[in-house]
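Engineer: Shown below is the structure under consideration.
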Amino acid sequence: MRFLLERDTWQEVFDSLGKNKLRTGLTMVGVWWGILLLIALLGSARGIENSFNRLFGSFATNSVFVWAQSTSKPFKGFQEGRQVQLKISDAKKIEENVEGIEFVVPRNQSQALVVRNFLSGTFGVNGDYPLLDQVQKKKMIRGRFINQTDIDDNRKVVVISEEIYKQLFEKDAEMIGEYIQLNGMNFKVVGMFETGNANMGPSSDMHIPFTTFQQIYNMGENIGWMMITGKPEYNISQIETDAKLILRNLNKVHPKDNRAFGSFNLGKEFAKITGFLSGMQFLTWFVGIATLFAGVFAIGNILLITVKERTKEIGVRRALGATPFEIKRQVILEAIFITLIAGLLGIITGGSLLILVDKLAGQGPDAVLVNASVPISVVLVSLVILVVLGTLIGLIPAFKATSVKPIDALREE
């Protein structure tokens, strides 16, 4: 490796490449474009993945939401079109009888007129258990979420969203311990959470204890819907099927009535997104590496032309004592040098492009590409691939350079 530190080695490389600067520059464009495309596509794919993770990040993804609708078939004396009503006992039966369930969270929802001093607004209010914070994690900014004591004592406490705070409180005002009115009843604010991006289920502007909701809205044992979370090793689609089967039996619904209970299978949708992202990653690597191969092959072709032009020069060097290995080494070094420089320029350009994309499309709650970036490990792997490809493609002109006998090379005009 000592020859890499010799001035003559690099002088020869620069002299060779500098004889036709336009051709050298055009040769590098292929590799530059290939690595730029690879970095840009990988960064964009990561940005889309981050966007989906931010959207679903607060949810236990192996979950399904189930609610009651109207029947589509008559059954056991009941007419078609009967409105089915879910109850707390239904949720308990599902939790006890469906294999693979981790949590069943009954929930209720409504709208409430919220008033504080002279400010007011209508917001969604949800009656929830503390368990909700485990299956749909709330990012608390101040205070706490609902706890079991709130449930046991039917406390009139409320956890509000950041948006409600902005509308009802002055900037930087303390809200913990303050009271707001929900439909004319005073509730004590115990916490504030960051407004999420996911819009699944009812609006989550406010959360009050489930038991308090049941009491003030006179719900009794009725619930609006339930969130069922399965253990990671279980199929959430099978859990959904088993849960609906139990609900049909409990509510005297025809076994083939598919309209009586609505559902949204988050696990199934998340699996589709994961598959889409995996396919995008594969396609990105395939397109990027294919483009790199095309660029590197272009370098090989140009070096073959260069070697042809330098036949006499190579003959003189051979006559003066240069060994075939030294000739091959020099040609391979030129191939690696061109490839590596073009690759580094592509990485810098691609990184700059991702920074620009992040500023234009990666900011704000509705960002399509969130933190579009490429890990350092991927950049290093790309450089290694370039060096390997440069070495391999340099072997072709290198062997071509040493295949001509010195005496024949000296006769070449």
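The values are calculated or read from the model by the stated rules, or taken from the named source; none is laboratory data. What you are looking at is a predicted structure, and each value in this text was computed from that prediction instead of being measured. Here Cβ is always computed from backbone atoms with ideal geometry, including for glycine, and neighbour counts include all displayed protein chains. Surface accessibility is based on the protein's heavy atoms, side chains included, excluding ligands, DNA and RNA. Shrake-Rupley method; radii C 1.70, N 1.55, O 1.52, S 1.80 Å.
Engineer: If you filter the stretch 193-286 for trypsin sites (Lys or Arg not before Pro), then keep DSSP loop positions with at most 11 other Cβ within 10 Å, what is left?
Structural biologist: Hits after loop and neighbour filter: Lys256.
Engineer: Please list 3J(HN,Hα) in residue order for the stretch 345-352, calculated via the Karplus relation 6.51 cos²θ - 1.76 cosθ + 1.60 where θ = phi - 60°; whole Hz, with x for glycine and proline.
Structural biologist: After applying 6.51 cos²θ - 1.76 cosθ + 1.60, I find 5, x, 5, 5, 5, x, x, 5 Hz.
Engineer: May I ask which residue of Leu113, Ser72, Phe213 lies farthest towards the positive end of the charge dipole of the stretch 64-268, with charges of +1 (Lys, Arg) and -1 (Asp, Glu) on Cβ and the Cα centre as origin?
Structural biologist: Checked the options; the winner is Ser72.
Engineer: Given the peptides 34-43, 137-146, 97-106, arrange them by the average over their residues of other C-beta atoms within 10 Å, most packed first.
Structural biologist: Highest to lowest by the protection proxy: 34-43, 97-106, 137-146.
Engineer: While we're looking at this one, here's another question. Through the Karplus equation 6.51 cos²θ - 1.76 cosθ + 1.60, θ set to phi - 60°, convert the phi angles of the stretch 235-249 into ³J(HN,Hα) values in whole Hz; use x for Gly and Pro.
Structural biologist: My calculation for the stretch 235-249 gives 7, 5, 5, 5, 4, 4, 4, 5, 5, 5, 4, 5, 5, 5, 5 Hz in order.
Engineer: According to the Kirkwood expression over distinct Cα-Cα pairs, how big is the hydrodynamic radius of the stretch 64-268, in Å?
Structural biologist: After inverting the mean inverse Cα-Cα distance, the result is 18.1 Å.
Engineer: Of the listed peptides 126-135, 149-158, 179-188, what is their order by residue-averaged count of other C-beta atoms within 10 Å, with the highest listed first?
Structural biologist: My ranking of the peptides, most packed first, is 126-135, 149-158, 179-188.
Engineer: Right, another one. Taking amide H positions as placed in the peptide plane 1.01 Å from N, state which residues far from Ser373 in sequence (5 or more) or on other chains have amide H under 5 Å from it.
Structural biologist: Sorted by chain and number, the residues that satisfy this are Arg46, Gly47.
Engineer: Of His254, His207, which has the most accessible area and how do the rest follow, probe 1.4 Å?
Structural biologist: His254, His207
Engineer: Enter the mean projected area of the convex hull around the alpha-carbon atoms of the stretch 28-124, in nm², rounded to one decimal.
Structural biologist: Across all orientations, the stretch 28-124 yields a mean hull projection of 15.1 nm².
Engineer: Residues of the stretch 209-243 with the amide nitrogen closer than 14 Å to a label point 7 Å from the Cα of Lys188, along Cα-to-Cβ, please.
Structural biologist: Correct set: 209.
Engineer: Oh, and also: Charges at C-beta only: +1 for Lys and Arg, -1 for Asp and Glu. How large is the resulting dipole of the stretch 64-268 about its Cα centre, in Debye rounded to 20?
Structural biologist: Dipole about the Cα centre, nearest 20: 620 debye.
Engineer: So, one more: Roughly how many Å² of Thr241 are accessible to a 1.4 Å probe, to the nearest 10?
Structural biologist: For Thr241, solvent-accessible area is about 80 Å².
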